[in-house]
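The values are calculated or read from the model by the stated rules, or taken from the named source; none is laboratory data. Since we're looking at a predicted model, the values are computed, not measured. Here the Cβ is made from the backbone with ideal geometry for all residues, glycine too, and neighbour counts use every protein chain on show. Please note that ligands, DNA and RNA were not included when accessible areas were found on the heavy atoms of the full protein model with its side chains. Shrake-Rupley method; radii C 1.70, N 1.55, O 1.52, S 1.80 Å.
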Amino acid sequence: MFSKIATPIIAIIVFLGLWELLVWANGWPNFKMASPSDLPPAFWKYRELFLEMGWQTLWRTVVGLFLAVIVGTVIGMIIGFSRIARDALYPLLIGFNAIPKATLVPVISLLFIGQHDFNTVLMAFMISFFPIAVSVGIGLSTLEPEYRDILRALGASKATIFWKIALPKTLPEFFGALKVSATLAFIGTNLVEIVSPHGRGLGALFKSGETNGDYPLMFAVLIALAFLGIVLYYAVIFLERIFAGWADREAT
Amino acid sequence: MTVPEGTFAAVVGPSGCGKSTLTRLVAGLMTPDEGEVWLHGERVKGPRNTVGMAFQNPVLLEWRTILDNVILPLEIVAPRMPRKDREARAMELLEMVGLVGFENKRPSELSGGMRQRASLCRSLVHKPDVLIMDEPFGALDAFTREDLWQTMRDLRAAEPFTAVLITHDLRESVFLGDQVIVLSGRPARTQYVMDVDLPADRTLDVLFTPKAADMLHVLRDQIKIAQGREVDH
(Lines give C-alpha, C1' and ligand atoms only; values in the text may rest on other atoms or scores of the structure.)
Protein backbone atom coordinates (compact mmCIF):
# COMPACT_ATOMS: atom_id res chain seq x y z
CA MET A 1 0.00 0.00 0.00
CA PHE A 2 2.77 2.41 0.94
CA SER A 3 4.74 1.69 -2.21
CA LYS A 4 1.57 2.12 -4.28
CA ILE A 5 1.43 5.78 -3.26
CA ALA A 6 5.13 6.43 -2.72
CA THR A 7 6.33 5.07 -6.07
CA PRO A 8 4.44 7.53 -8.28
CA ILE A 9 5.26 10.43 -5.96
CA ILE A 10 8.97 9.63 -6.09
CA ALA A 11 8.72 9.34 -9.89
CA ILE A 12 7.13 12.79 -10.09
CA ILE A 13 9.82 14.30 -7.83
CA VAL A 14 12.56 12.73 -9.97
CA PHE A 15 10.88 14.12 -13.10
CA LEU A 16 10.67 17.64 -11.65
CA GLY A 17 14.30 17.37 -10.51
CA LEU A 18 15.49 16.42 -14.00
CA TRP A 19 13.47 19.25 -15.50
CA GLU A 20 14.97 21.77 -13.07
CA LEU A 21 18.43 20.41 -13.84
CA LEU A 22 17.88 20.66 -17.59
CA VAL A 23 16.84 24.32 -17.40
CA TRP A 24 19.65 25.17 -14.96
CA ALA A 25 22.38 23.36 -16.94
CA ASN A 26 21.41 25.08 -20.17
CA GLY A 27 21.03 28.42 -18.48
CA TRP A 28 17.69 28.93 -20.18
CA PRO A 29 15.95 32.14 -19.19
CA ASN A 30 12.31 32.16 -18.12
CA PHE A 31 11.02 33.25 -21.51
CA LYS A 32 12.56 30.20 -23.16
CA MET A 33 11.61 27.47 -20.72
CA ALA A 34 10.25 27.84 -17.22
CA SER A 35 11.63 25.58 -14.51
CA PRO A 36 9.63 23.87 -11.77
CA SER A 37 10.84 26.35 -9.18
CA ASP A 38 9.13 29.15 -11.16
CA LEU A 39 5.77 27.42 -10.90
CA PRO A 40 4.72 27.82 -7.23
CA PRO A 41 4.99 31.64 -7.44
CA ALA A 42 2.95 31.57 -10.66
CA PHE A 43 0.28 29.40 -9.04
CA TRP A 44 0.19 31.62 -5.97
CA LYS A 45 0.00 34.85 -7.94
CA TYR A 46 -3.00 33.65 -9.95
CA ARG A 47 -4.49 31.28 -7.37
CA GLU A 48 -8.01 32.63 -7.68
CA LEU A 49 -7.92 32.48 -11.47
CA PHE A 50 -6.60 28.93 -11.36
CA LEU A 51 -9.45 27.79 -9.16
CA GLU A 52 -12.08 29.55 -11.24
CA MET A 53 -10.70 28.62 -14.65
CA GLY A 54 -9.76 25.14 -13.52
CA TRP A 55 -13.31 24.52 -12.39
CA GLN A 56 -14.67 25.77 -15.74
CA THR A 57 -12.36 23.46 -17.64
CA LEU A 58 -13.16 20.54 -15.37
CA TRP A 59 -16.94 20.73 -15.46
CA ARG A 60 -17.09 21.27 -19.21
CA THR A 61 -14.76 18.33 -19.76
CA VAL A 62 -16.75 16.08 -17.46
CA VAL A 63 -20.06 17.02 -19.09
CA GLY A 64 -18.54 16.39 -22.55
CA LEU A 65 -17.21 13.05 -21.38
CA PHE A 66 -20.57 12.17 -19.89
CA LEU A 67 -22.23 12.85 -23.24
CA ALA A 68 -19.52 10.80 -24.94
CA VAL A 69 -20.30 7.88 -22.64
CA ILE A 70 -24.01 8.00 -23.44
CA VAL A 71 -23.76 8.60 -27.19
CA GLY A 72 -20.69 6.36 -27.55
CA THR A 73 -22.46 3.51 -25.78
CA VAL A 74 -25.56 3.90 -27.92
CA ILE A 75 -23.51 3.95 -31.14
CA GLY A 76 -21.50 0.99 -29.83
CA MET A 77 -24.72 -0.94 -29.20
CA ILE A 78 -25.98 -0.17 -32.69
CA ILE A 79 -22.79 -1.28 -34.43
CA GLY A 80 -22.37 -4.17 -32.00
CA PHE A 81 -25.77 -5.69 -32.64
CA SER A 82 -26.42 -4.93 -36.29
CA ARG A 83 -24.11 -5.97 -39.08
CA ILE A 84 -25.69 -3.56 -41.51
CA ALA A 85 -25.30 -0.66 -39.12
CA ARG A 86 -21.68 -1.65 -38.57
CA ASP A 87 -20.90 -1.72 -42.28
CA ALA A 88 -22.71 1.57 -42.77
CA LEU A 89 -21.37 3.52 -39.80
CA TYR A 90 -17.73 2.43 -39.50
CA PRO A 91 -16.38 4.41 -42.47
CA LEU A 92 -18.28 7.49 -41.31
CA LEU A 93 -17.05 7.17 -37.75
CA ILE A 94 -13.43 6.63 -38.78
CA GLY A 95 -13.59 9.50 -41.24
CA PHE A 96 -15.01 11.78 -38.58
CA ASN A 97 -12.40 10.70 -36.08
CA ALA A 98 -9.63 11.35 -38.59
CA ILE A 99 -10.58 15.00 -39.00
CA PRO A 100 -8.27 17.15 -36.86
CA LYS A 101 -10.67 18.61 -34.35
CA ALA A 102 -8.87 21.99 -34.37
CA THR A 103 -10.31 22.53 -37.83
CA LEU A 104 -13.80 22.15 -36.43
CA VAL A 105 -13.43 24.88 -33.83
CA PRO A 106 -14.23 27.72 -36.28
CA VAL A 107 -17.09 25.68 -37.68
CA ILE A 108 -18.83 25.12 -34.39
CA SER A 109 -18.09 28.60 -33.08
CA LEU A 110 -19.80 29.96 -36.16
CA LEU A 111 -22.69 27.51 -35.94
CA PHE A 112 -23.40 28.19 -32.28
CA ILE A 113 -22.07 31.68 -32.03
CA GLY A 114 -21.51 32.93 -28.51
CA GLN A 115 -22.56 29.63 -26.89
CA HIS A 116 -19.15 29.17 -25.32
CA ASP A 117 -20.06 26.55 -22.75
CA PHE A 118 -22.03 24.57 -25.30
CA ASN A 119 -19.25 24.75 -27.90
CA THR A 120 -16.64 23.60 -25.42
CA VAL A 121 -18.73 20.71 -24.15
CA LEU A 122 -19.54 19.75 -27.74
CA MET A 123 -15.86 19.60 -28.67
CA ALA A 124 -14.95 17.58 -25.57
CA PHE A 125 -17.71 15.19 -26.57
CA MET A 126 -16.75 14.96 -30.25
CA ILE A 127 -13.14 14.16 -29.53
CA SER A 128 -13.85 11.51 -26.90
CA PHE A 129 -16.84 9.43 -27.98
CA PHE A 130 -15.01 7.40 -30.64
CA PRO A 131 -12.97 5.05 -28.43
CA ILE A 132 -16.08 4.31 -26.36
CA ALA A 133 -18.25 3.57 -29.41
CA VAL A 134 -15.64 1.29 -30.96
CA SER A 135 -14.86 -0.66 -27.81
CA VAL A 136 -18.50 -1.18 -26.85
CA GLY A 137 -19.23 -2.20 -30.45
CA ILE A 138 -16.36 -4.68 -30.52
CA GLY A 139 -17.23 -6.00 -27.07
CA LEU A 140 -20.80 -6.71 -28.10
CA SER A 141 -20.08 -8.11 -31.56
CA THR A 142 -17.40 -10.48 -30.28
CA LEU A 143 -19.59 -11.95 -27.56
CA GLU A 144 -19.17 -15.72 -27.92
CA PRO A 145 -22.44 -17.27 -29.14
CA GLU A 146 -22.34 -19.77 -26.28
CA TYR A 147 -22.75 -16.95 -23.76
CA ARG A 148 -25.89 -15.89 -25.56
CA ASP A 149 -27.09 -19.48 -25.90
CA ILE A 150 -27.04 -20.30 -22.19
CA LEU A 151 -29.86 -17.79 -21.72
CA ARG A 152 -31.42 -18.01 -25.16
CA ALA A 153 -31.96 -21.75 -24.74
CA LEU A 154 -34.15 -20.90 -21.75
CA GLY A 155 -36.28 -18.55 -23.82
CA ALA A 156 -34.80 -15.34 -22.35
CA SER A 157 -35.54 -12.11 -24.22
CA LYS A 158 -32.87 -10.12 -26.04
CA ALA A 159 -33.13 -7.40 -23.40
CA THR A 160 -32.50 -9.91 -20.61
CA ILE A 161 -29.48 -11.31 -22.44
CA PHE A 162 -28.15 -7.78 -22.86
CA TRP A 163 -28.56 -6.82 -19.20
CA LYS A 164 -27.40 -10.07 -17.68
CA ILE A 165 -24.59 -11.00 -20.05
CA ALA A 166 -23.62 -8.68 -22.90
CA LEU A 167 -23.46 -5.47 -20.87
CA PRO A 168 -21.42 -6.72 -17.90
CA LYS A 169 -19.13 -8.65 -20.22
CA THR A 170 -18.33 -5.45 -22.14
CA LEU A 171 -17.53 -3.39 -19.03
CA PRO A 172 -13.77 -4.04 -18.92
CA GLU A 173 -13.42 -2.88 -22.54
CA PHE A 174 -15.67 0.06 -21.83
CA PHE A 175 -13.51 1.25 -18.94
CA GLY A 176 -10.36 0.76 -20.99
CA ALA A 177 -11.81 3.11 -23.58
CA LEU A 178 -13.08 5.53 -20.93
CA LYS A 179 -9.52 6.03 -19.65
CA VAL A 180 -8.44 7.08 -23.14
CA SER A 181 -11.54 9.22 -23.61
CA ALA A 182 -11.11 11.03 -20.28
CA THR A 183 -7.74 12.44 -21.32
CA LEU A 184 -8.96 13.13 -24.86
CA ALA A 185 -11.88 15.15 -23.52
CA PHE A 186 -9.44 17.59 -21.87
CA ILE A 187 -7.78 18.10 -25.22
CA GLY A 188 -11.17 18.94 -26.72
CA THR A 189 -12.05 21.42 -24.00
CA ASN A 190 -8.71 23.20 -24.21
CA LEU A 191 -8.77 23.28 -27.96
CA VAL A 192 -11.83 25.50 -27.83
CA GLU A 193 -10.53 27.50 -24.89
CA ILE A 194 -7.26 28.27 -26.69
CA VAL A 195 -8.27 28.52 -30.35
CA SER A 196 -11.49 30.37 -29.70
CA PRO A 197 -10.65 32.36 -26.58
CA HIS A 198 -13.59 33.64 -24.66
CA GLY A 199 -12.03 34.28 -21.29
CA ARG A 200 -13.03 31.02 -19.70
CA GLY A 201 -11.15 27.92 -18.71
CA LEU A 202 -7.49 27.07 -18.26
CA GLY A 203 -7.00 27.36 -22.01
CA ALA A 204 -7.89 31.04 -21.81
CA LEU A 205 -5.47 31.46 -18.93
CA PHE A 206 -2.79 29.84 -21.10
CA LYS A 207 -3.62 32.23 -23.93
CA SER A 208 -3.34 35.25 -21.66
CA GLY A 209 0.01 34.00 -20.39
CA GLU A 210 1.15 33.77 -23.98
CA THR A 211 -0.09 37.28 -24.80
CA ASN A 212 1.67 38.76 -21.81
CA GLY A 213 4.84 36.74 -22.27
CA ASP A 214 4.31 35.21 -18.83
CA TYR A 215 6.02 31.88 -19.41
CA PRO A 216 5.84 30.58 -15.85
CA LEU A 217 2.06 31.09 -16.02
CA MET A 218 1.85 29.09 -19.26
CA PHE A 219 3.79 26.21 -17.77
CA ALA A 220 1.74 26.41 -14.60
CA VAL A 221 -1.40 26.00 -16.73
CA LEU A 222 0.08 22.95 -18.41
CA ILE A 223 0.84 21.42 -15.03
CA ALA A 224 -2.66 22.24 -13.80
CA LEU A 225 -4.10 20.51 -16.87
CA ALA A 226 -1.92 17.48 -16.29
CA PHE A 227 -3.12 17.44 -12.69
CA LEU A 228 -6.80 17.57 -13.69
CA GLY A 229 -6.17 14.83 -16.26
CA ILE A 230 -4.66 12.61 -13.57
CA VAL A 231 -7.57 13.31 -11.21
CA LEU A 232 -10.15 12.38 -13.84
CA TYR A 233 -8.17 9.30 -14.84
CA TYR A 234 -8.13 8.03 -11.28
CA ALA A 235 -11.82 8.78 -10.94
CA VAL A 236 -12.38 6.43 -13.89
CA ILE A 237 -10.15 3.81 -12.25
CA PHE A 238 -12.20 4.16 -9.08
CA LEU A 239 -15.44 3.50 -11.01
CA GLU A 240 -13.79 0.61 -12.82
CA ARG A 241 -12.86 -1.03 -9.50
CA ILE A 242 -16.49 -0.83 -8.42
CA PHE A 243 -18.16 -1.99 -11.61
CA ALA A 244 -15.59 -4.20 -13.30
CA GLY A 245 -13.30 -5.17 -10.45
CA TRP A 246 -13.98 -8.84 -11.24
CA ALA A 247 -11.90 -8.55 -14.40
CA ASP A 248 -8.85 -7.67 -12.32
CA ARG A 249 -7.03 -10.95 -11.78
CA GLU A 250 -4.67 -11.34 -8.92
CA ALA A 251 -1.06 -11.55 -10.02
CA THR A 252 0.25 -15.08 -9.88
CA MET B 1 -33.32 -41.28 -33.68
CA THR B 2 -35.37 -41.60 -30.53
CA VAL B 3 -34.26 -41.15 -26.95
CA PRO B 4 -36.70 -42.71 -24.45
CA GLU B 5 -37.62 -40.55 -21.47
CA GLY B 6 -35.21 -40.79 -18.57
CA THR B 7 -32.45 -42.48 -20.56
CA PHE B 8 -29.00 -41.33 -21.54
CA ALA B 9 -28.06 -41.20 -25.22
CA ALA B 10 -24.45 -40.72 -26.25
CA VAL B 11 -23.99 -39.49 -29.80
CA VAL B 12 -20.68 -40.15 -31.55
CA GLY B 13 -19.63 -39.53 -35.11
CA PRO B 14 -16.80 -38.22 -37.28
CA SER B 15 -15.94 -34.58 -36.79
CA GLY B 16 -17.88 -32.13 -38.90
CA CYS B 17 -20.88 -34.44 -39.29
CA GLY B 18 -23.23 -32.04 -37.51
CA LYS B 19 -23.28 -33.22 -33.91
CA SER B 20 -23.28 -29.69 -32.52
CA THR B 21 -26.01 -28.73 -34.94
CA LEU B 22 -28.02 -31.59 -33.48
CA THR B 23 -27.78 -30.08 -29.98
CA ARG B 24 -28.90 -26.71 -31.27
CA LEU B 25 -31.86 -28.30 -33.01
CA VAL B 26 -32.94 -30.14 -29.87
CA ALA B 27 -32.52 -26.98 -27.79
CA GLY B 28 -34.68 -25.06 -30.25
CA LEU B 29 -31.88 -22.61 -31.01
CA MET B 30 -32.11 -23.59 -34.67
CA THR B 31 -35.04 -24.78 -36.71
CA PRO B 32 -34.51 -27.75 -39.01
CA ASP B 33 -34.64 -27.23 -42.79
CA GLU B 34 -36.27 -30.61 -43.06
CA GLY B 35 -37.72 -33.04 -40.55
CA GLU B 36 -38.96 -32.45 -37.03
CA VAL B 37 -37.81 -32.54 -33.44
CA TRP B 38 -40.26 -33.68 -30.78
CA LEU B 39 -39.90 -33.42 -27.02
CA HIS B 40 -42.50 -35.01 -24.75
CA GLY B 41 -45.07 -35.21 -27.52
CA GLU B 42 -44.61 -31.60 -28.53
CA ARG B 43 -42.91 -30.36 -31.62
CA VAL B 44 -39.89 -28.12 -30.89
CA LYS B 45 -40.44 -24.74 -32.51
CA GLY B 46 -38.13 -22.59 -30.41
CA PRO B 47 -36.25 -22.41 -27.12
CA ARG B 48 -38.07 -23.85 -24.11
CA ASN B 49 -37.13 -23.56 -20.49
CA THR B 50 -37.36 -27.28 -19.80
CA VAL B 51 -34.00 -27.80 -21.47
CA GLY B 52 -30.55 -27.58 -19.91
CA MET B 53 -27.39 -27.05 -21.94
CA ALA B 54 -23.71 -27.62 -21.26
CA PHE B 55 -20.87 -26.87 -23.65
CA GLN B 56 -17.22 -27.79 -24.00
CA ASN B 57 -16.39 -24.33 -22.69
CA PRO B 58 -17.96 -23.90 -19.23
CA VAL B 59 -19.10 -20.33 -20.20
CA LEU B 60 -19.32 -19.15 -16.60
CA LEU B 61 -19.89 -15.44 -16.05
CA GLU B 62 -16.67 -14.03 -14.61
CA TRP B 63 -18.40 -11.29 -12.64
CA ARG B 64 -20.60 -13.69 -10.73
CA THR B 65 -19.65 -16.04 -7.94
CA ILE B 66 -20.00 -19.76 -8.55
CA LEU B 67 -23.25 -19.75 -6.58
CA ASP B 68 -24.70 -16.87 -8.62
CA ASN B 69 -23.60 -18.56 -11.82
CA VAL B 70 -25.50 -21.69 -10.89
CA ILE B 71 -28.56 -19.62 -9.95
CA LEU B 72 -28.64 -17.79 -13.31
CA PRO B 73 -31.20 -20.05 -15.09
CA LEU B 74 -33.59 -19.74 -12.14
CA GLU B 75 -33.61 -15.97 -12.64
CA ILE B 76 -35.07 -16.61 -16.09
CA VAL B 77 -37.20 -19.67 -15.49
CA ALA B 78 -38.50 -18.89 -12.01
CA PRO B 79 -38.25 -15.12 -11.55
CA ARG B 80 -40.50 -15.15 -8.51
CA MET B 81 -38.69 -17.91 -6.65
CA PRO B 82 -37.32 -16.54 -3.35
CA ARG B 83 -33.57 -16.00 -3.22
CA LYS B 84 -33.29 -18.40 -0.29
CA ASP B 85 -34.90 -21.25 -2.23
CA ARG B 86 -32.71 -20.56 -5.24
CA GLU B 87 -29.60 -20.72 -3.12
CA ALA B 88 -30.76 -23.90 -1.43
CA ARG B 89 -31.36 -25.56 -4.79
CA ALA B 90 -27.98 -24.42 -6.13
CA MET B 91 -26.19 -25.60 -2.99
CA GLU B 92 -27.88 -28.99 -3.27
CA LEU B 93 -26.30 -29.45 -6.70
CA LEU B 94 -22.93 -27.96 -5.72
CA GLU B 95 -22.82 -30.47 -2.90
CA MET B 96 -23.47 -33.33 -5.31
CA VAL B 97 -20.53 -32.34 -7.49
CA GLY B 98 -18.23 -31.63 -4.55
CA LEU B 99 -18.00 -27.85 -4.84
CA VAL B 100 -19.19 -26.91 -1.35
CA GLY B 101 -16.79 -24.29 0.00
CA PHE B 102 -16.25 -22.81 -3.46
CA GLU B 103 -19.68 -21.22 -3.88
CA ASN B 104 -18.40 -17.70 -3.16
CA LYS B 105 -15.34 -17.97 -5.41
CA ARG B 106 -15.14 -16.47 -8.86
CA PRO B 107 -14.78 -18.78 -11.88
CA SER B 108 -11.22 -17.55 -12.48
CA GLU B 109 -10.22 -18.97 -9.10
CA LEU B 110 -11.28 -22.51 -10.01
CA SER B 111 -9.58 -25.24 -12.03
CA GLY B 112 -10.96 -26.32 -15.40
CA GLY B 113 -12.58 -29.43 -13.98
CA MET B 114 -14.24 -27.48 -11.16
CA ARG B 115 -15.56 -24.91 -13.61
CA GLN B 116 -17.09 -27.65 -15.70
CA ARG B 117 -18.72 -29.10 -12.57
CA ALA B 118 -20.22 -25.70 -11.82
CA SER B 119 -21.37 -25.47 -15.42
CA LEU B 120 -23.16 -28.82 -15.09
CA CYS B 121 -24.88 -27.58 -11.92
CA ARG B 122 -26.06 -24.51 -13.80
CA SER B 123 -27.51 -26.61 -16.61
CA LEU B 124 -29.46 -28.71 -14.08
CA VAL B 125 -30.53 -26.10 -11.52
CA HIS B 126 -33.95 -25.49 -13.04
CA LYS B 127 -34.71 -29.24 -13.14
CA PRO B 128 -34.83 -29.56 -16.93
CA ASP B 129 -36.50 -32.55 -18.55
CA VAL B 130 -33.70 -32.78 -21.06
CA LEU B 131 -30.00 -32.13 -20.58
CA ILE B 132 -28.10 -31.49 -23.79
CA MET B 133 -24.33 -31.67 -23.59
CA ASP B 134 -21.96 -30.75 -26.38
CA GLU B 135 -18.63 -32.38 -25.51
CA PRO B 136 -18.64 -31.02 -21.96
CA PHE B 137 -15.60 -33.06 -20.95
CA GLY B 138 -13.68 -32.62 -24.20
CA ALA B 139 -11.25 -29.97 -22.97
CA LEU B 140 -10.33 -31.70 -19.71
CA ASP B 141 -7.31 -33.89 -19.01
CA ALA B 142 -7.91 -37.65 -18.96
CA PHE B 143 -8.09 -38.12 -15.18
CA THR B 144 -10.27 -35.10 -14.55
CA ARG B 145 -12.52 -36.34 -17.32
CA GLU B 146 -12.96 -39.70 -15.61
CA ASP B 147 -13.82 -37.91 -12.37
CA LEU B 148 -16.45 -35.92 -14.20
CA TRP B 149 -17.92 -39.09 -15.73
CA GLN B 150 -18.53 -40.40 -12.24
CA THR B 151 -20.01 -37.09 -11.18
CA MET B 152 -22.31 -37.25 -14.17
CA ARG B 153 -23.34 -40.79 -13.27
CA ASP B 154 -24.17 -39.68 -9.70
CA LEU B 155 -26.11 -36.64 -10.91
CA ARG B 156 -28.17 -38.91 -13.11
CA ALA B 157 -28.97 -41.19 -10.21
CA ALA B 158 -30.17 -38.20 -8.19
CA GLU B 159 -31.95 -36.10 -10.82
CA PRO B 160 -34.52 -37.37 -13.28
CA PHE B 161 -33.54 -36.06 -16.70
CA THR B 162 -33.19 -37.37 -20.20
CA ALA B 163 -29.69 -36.78 -21.50
CA VAL B 164 -28.17 -36.30 -24.91
CA LEU B 165 -24.38 -36.25 -24.84
CA ILE B 166 -22.29 -35.37 -27.86
CA THR B 167 -18.81 -36.79 -27.53
CA HIS B 168 -15.67 -37.90 -29.37
CA ASP B 169 -14.71 -40.31 -26.66
CA LEU B 170 -15.99 -43.87 -27.17
CA ARG B 171 -15.13 -44.92 -23.61
CA GLU B 172 -17.14 -41.97 -22.36
CA SER B 173 -20.10 -42.96 -24.51
CA VAL B 174 -20.06 -46.52 -23.17
CA PHE B 175 -19.54 -45.50 -19.55
CA LEU B 176 -22.34 -42.93 -19.50
CA GLY B 177 -24.78 -44.00 -22.18
CA ASP B 178 -27.81 -46.26 -22.10
CA GLN B 179 -27.52 -46.22 -25.83
CA VAL B 180 -24.76 -45.07 -28.14
CA ILE B 181 -25.82 -43.56 -31.44
CA VAL B 182 -23.25 -43.47 -34.24
CA LEU B 183 -23.81 -40.82 -36.88
CA SER B 184 -22.50 -41.27 -40.39
CA GLY B 185 -20.35 -38.71 -42.18
CA ARG B 186 -21.98 -35.86 -44.11
CA PRO B 187 -24.88 -35.85 -44.58
CA ALA B 188 -25.29 -37.29 -41.09
CA ARG B 189 -27.73 -40.15 -40.61
CA THR B 190 -28.19 -42.55 -37.76
CA GLN B 191 -25.78 -45.24 -38.85
CA TYR B 192 -25.76 -47.53 -35.86
CA VAL B 193 -27.42 -47.74 -32.46
CA MET B 194 -25.92 -49.76 -29.63
CA ASP B 195 -27.76 -50.56 -26.44
CA VAL B 196 -25.31 -50.46 -23.61
CA ASP B 197 -26.09 -53.47 -21.52
CA LEU B 198 -24.14 -52.55 -18.41
CA PRO B 199 -25.41 -51.97 -14.84
CA ALA B 200 -26.65 -48.44 -14.09
CA ASP B 201 -24.28 -48.03 -11.14
CA ARG B 202 -21.26 -48.88 -13.23
CA THR B 203 -17.78 -47.99 -12.05
CA LEU B 204 -14.74 -47.17 -14.14
CA ASP B 205 -13.65 -50.80 -13.77
CA VAL B 206 -16.45 -51.80 -16.09
CA LEU B 207 -14.47 -50.29 -18.94
CA PHE B 208 -11.82 -52.97 -18.48
CA THR B 209 -14.21 -55.93 -18.83
CA PRO B 210 -14.22 -58.00 -22.03
CA LYS B 211 -17.85 -56.99 -22.60
CA ALA B 212 -16.95 -53.30 -22.68
CA ALA B 213 -13.92 -54.02 -24.83
CA ASP B 214 -16.15 -55.78 -27.37
CA MET B 215 -18.57 -52.85 -27.41
CA LEU B 216 -15.75 -50.36 -27.88
CA HIS B 217 -14.41 -52.46 -30.71
CA VAL B 218 -17.74 -52.52 -32.50
CA LEU B 219 -18.09 -48.75 -32.06
CA ARG B 220 -14.57 -48.16 -33.35
CA ASP B 221 -15.39 -50.10 -36.51
CA GLN B 222 -18.60 -48.12 -36.92
CA ILE B 223 -16.67 -44.84 -36.69
CA LYS B 224 -14.31 -46.09 -39.38
CA ILE B 225 -17.28 -46.86 -41.59
CA ALA B 226 -18.71 -43.41 -40.86
CA GLN B 227 -15.40 -41.89 -41.88
CA GLY B 228 -15.59 -43.85 -45.11
CA ARG B 229 -12.59 -46.05 -44.32
CA GLU B 230 -12.08 -49.78 -44.68
CA VAL B 231 -12.57 -52.02 -41.68
CA ASP B 232 -9.44 -54.16 -41.83
CA HIS B 233 -10.39 -57.43 -40.15
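Things worth noting here:
- Summed buried accessible surface, chains A and B, 1.4 Å probe, nearest 100 Å²: 1900
- When +1 charges are put on Lys and Arg Cβ atoms and -1 charges on Asp and Glu Cβ atoms, the dipole computed for the stretch A:38-247 relative to its Cα centre reaches about 500 debye.
- Projecting the Cα atoms of A:S141, A:H116, A:G188 onto the charge dipole of chain A (Cβ charges, centred on the Cα centre) puts A:S141 farthest toward the positive pole.
- Residues of the stretch A:144-192 buried by at least 40 Å² on assembly (accessible area, 1.4 Å probe, chain alone as reference): A:E146, A:Y147, A:D149, A:I150, A:R152, A:A153, A:L154, A:K164
- Compactness of the stretch A:167-252 - radius of gyration and Dmax, Cα, Å: 17.2, 55
- Centroid-to-centroid separation of the stretch A:94-135 and the stretch A:33-93 [C-alpha atoms, Å]: 10
- 5 Å binning of all Cα-Cα separations within the stretch B:107-233, expressed as whole percents from 0 upward: 2, 9, 19, 21, 20, 14, 9, 4, 1, 0
- Note on the protein assembly as shown: Rg/Rh from C-alpha atoms, Kirkwood Rh, equals 1.15.
- Signed unit charges on C-beta, dipole axis of the protein assembly as shown, positive-most listed residue B:I71, A:G203, A:G80: A:G203
- Portion, in percent, of the accessible area of the stretch A:199-248 that falls on carbon or sulfur, probe 1.4 Å: 66
- Extension reserve of the A:L22-A:F118 stretch, reckoned as 0.36 nm per residue once the Cα distance is removed: 30.5 nm
- Square roots of 5 times each gyration tensor eigenvalue, C-alpha, the stretch A:1-79, largest first, Å: 36, 20, 15
- From phi via Karplus (6.51, -1.76, 1.60), per-residue ³J(HN,Hα) for the stretch A:222-231 in Hz, x at Gly/Pro: 4, 5, 4, 5, 4, 4, 4, x, 5, 4
- Ellipsoid fit via the Cα gyration tensor, the stretch A:38-247: semi-axes of 39, 20, 11 Å, each the root of five times an eigenvalue, largest first.
- Shape call, the stretch A:91-172: gyration tensor on alpha carbons, a/c limit 1.5: prolate
- Average accessible area per residue (Å²) across chain B - probe 1.4 Å, nucleic acids and ligands excluded: 47
- Antiparallel content of DSSP bridges confined to the protein assembly as shown, in %, to 5: 30
- Rolling a 1.4 Å probe across the protein heavy atoms gives the stretch A:83-211 an accessible surface of 44 Å² per residue.
- Its DSSP H runs of at least 4 residues, each contributing -39,500 (n - 2.57), put the calculated 222 nm mean residue ellipticity of the protein assembly as shown at -19500 deg cm²/dmol, to the nearest 500.
- Note on the stretch B:6-127: semi-axes of the ellipsoid equivalent to its C-alpha gyration tensor, largest first and rounded to whole Å, are 28, 18, 12.
- Members of A:K164/B:K19; B:K45/B:K84; B:K19/B:K224; A:K164/B:K127 lying beyond 25 Å, as alpha-carbon distances in this model show: A:K164/B:K19; B:K45/B:K84
- At R0 = 41 Å, FRET efficiency that the Cβ-Cβ distance of A:D248 and B:A139 yields, to 0.05: 0.95
- For chain B, share of DSSP beta bridges that run antiparallel, in % to the nearest 5: 30
- Members of the stretch B:19-41 that become less accessible by 30 Å² or more once partner protein chains are added (1.4 angstrom probe, chain alone as reference): B:R24, B:L29
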